[in-house]
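Please treat every number below as a calculation from the coordinates, not as lab data. Quantities reported herein were computed from a predicted structural model and do not represent experimental measurements. For neighbour counting, all protein chains shown are included, and Cβ atoms are generated from backbone atoms with ideal geometry for every residue, glycine included.
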Amino acid sequence: MPVQRTLILLKPDCVQRGLVSEALSRFERKGLRIVGMKLVKPTAEVAGKHYAEHSARPFFPSLLEFITSSPLVALALEGDSAVTVARNIIGATDGRAAAPGTIRGDFGLSKGNNLVHGSDSPESAERELGLWFPEGLVSYQRADTVWVETP
Ligand code: DAT
Ligand code: MG
């Protein structure tokens, strides 16, 4: 049971559509611990670093415009296999193809405005958490962890 941390962004469309509590509750009820949370209107610099791997793609300018257009909620989540667990909760990139039961599958019809970001590997998570939470995170145990994180 590897305890991992992952970076989640509840993107501008999630905030604007009033879906923050809906999205957050799915991670929270799953058993992932919130170890960092803040509302941010990101700078172009942070947004560009976050999506650096996509800098050569044709959609990069519109991606940066979207992610900096309005506040988002940055979350750091912790728990057993948190990176993969969170990606499964979020669903496939395009809301039209994402499975029902996932956040994107239940609420989205777009590839660009797809509500939530989740780190795609432990290495990405470490880099992204450093970028969005340079001040560090908060460590604690949730009372239900001994009931949730069993083999
Ligand atoms: P994911 O967010 O599922 O990890 P990704 O890393 O491939 O997807 O792309 C990052 C974001 O860029 C994605 O959430 C939405 C946007 N995006 C990806 N492909 C796109 C495309 N073909 N057209 C427009 N936006 C795209
Ligand atoms: Mg990605």
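Hey, if you put +1 on the Cβ of every Lys and Arg and -1 on every Asp and Glu Cβ in the chain, which of Phe107, Pro151, Gln141 ends up farthest toward the positive end of that dipole?
Going by the charge dipole, the pick is Phe107.
Can you tell me, using C-alpha contacts under 8 Å and at least 6 residues apart, the relative contact order of the range 8-116 as a whole percent?
34
How would Val116, Val146 line up from fewest to most surrounding beta-carbon atoms within 10 angstrom?
Working: Val116 28, Val146 9.
Ascending number of Cβ neighbours within 10 Å: Val146, Val116.
Counting each DSSP H run of 4 or more residues in the chain as -39500 (n - 2.57), what helix-only mean residue ellipticity at 222 nm follows after dividing by all residues, to the nearest 500 deg cm²/dmol?
So the calculated ellipticity at 222 nm is -10500 deg cm²/dmol.
Here are some pairs, Lys11/Lys41; Lys49/Lys111; Lys11/Lys111; Lys11/Lys38; which of them have Cα atoms lying more than 18 Å apart in this structure?
The answer is Lys49/Lys111.
For the residues Glu126, Glu53, what sequence is obtained by ranking on other C-beta atoms within 10 Å, fewest first?
Lowest count first: Glu53, Glu126.
Taking neighbour counts of Cβ atoms within 10 Å as a proxy for exposure, in what order, fewest first, do Arg5, Arg57 appear?
Arg57, Arg5
Run the dipole for the range 92-147 about the Cα centre, Lys and Arg Cβ at +1, Asp and Glu Cβ at -1, nothing else charged, and hand back the magnitude in debye, nearest 20.
It works out to roughly 240 debye.
Could you state the number of Å between the C-alpha centres of the range 1-33 and the range 79-150?
Going from one Cα centre to the other spans 6 Å.
Kindly state, as a whole number, the per residue volume in cubic angstrom of the convex hull around the alpha carbon atoms of the range 3-148. Don't skip to the end; give the middle numbers.
Values: hull volume 15.0 nm³, N = 146.
Taking the convex hull of the Cα positions in the range 3-148, it is 103 Å³ per residue.
So what J values fall out for the range 125-136 if you push phi through Karplus, 6.51 cos²θ - 1.76 cosθ + 1.60 with θ = phi - 60°, rounded to Hz, Gly and Pro as x?
Per residue, the Karplus-derived 3J(HN,Hα) values read 4, 4, 5, 5, 5, x, 6, 8, 10, x, 6, x Hz.
How about the range 75-151: which chymotrypsin sites (Phe, Trp or Tyr not before Pro) there are in a DSSP loop, with at most 12 other Cβ atoms within 10 Å of their Cβ?
The qualifying sites are Tyr140.
Let's see if you can work this out: charge +1 on each Lys and Arg Cβ, -1 on each Asp and Glu Cβ, no other charges. What is the dipole magnitude of the range 27-123 about its Cα centre, in debye to the nearest 20?
For this selection, approximately 200 debye.
Of the options Val40, Thr6, His54, report the single residue whose Cα projects farthest towards the positive end of the charge dipole of the range 3-148 (beta-carbon charges: Lys, Arg +1; Asp, Glu -1).
Val40
Check Asp80: other-chain or 5+ apart residues with amide H under 5 Å from its amide H, H built from backbone geometry?
Result for Asp80 returns Gln4.
Rounded to whole Hz and in sequence order, give me ³J(HN,Hα) for the range 48-60 from the Karplus expression 6.51 cos²θ - 1.76 cosθ + 1.60, θ = phi - 60°, writing x for Gly and Pro.
Result, ordered by residue: x, 5, 4, 9, 3, 5, 9, 4, 8, 7, x, 8, 4 Hz.
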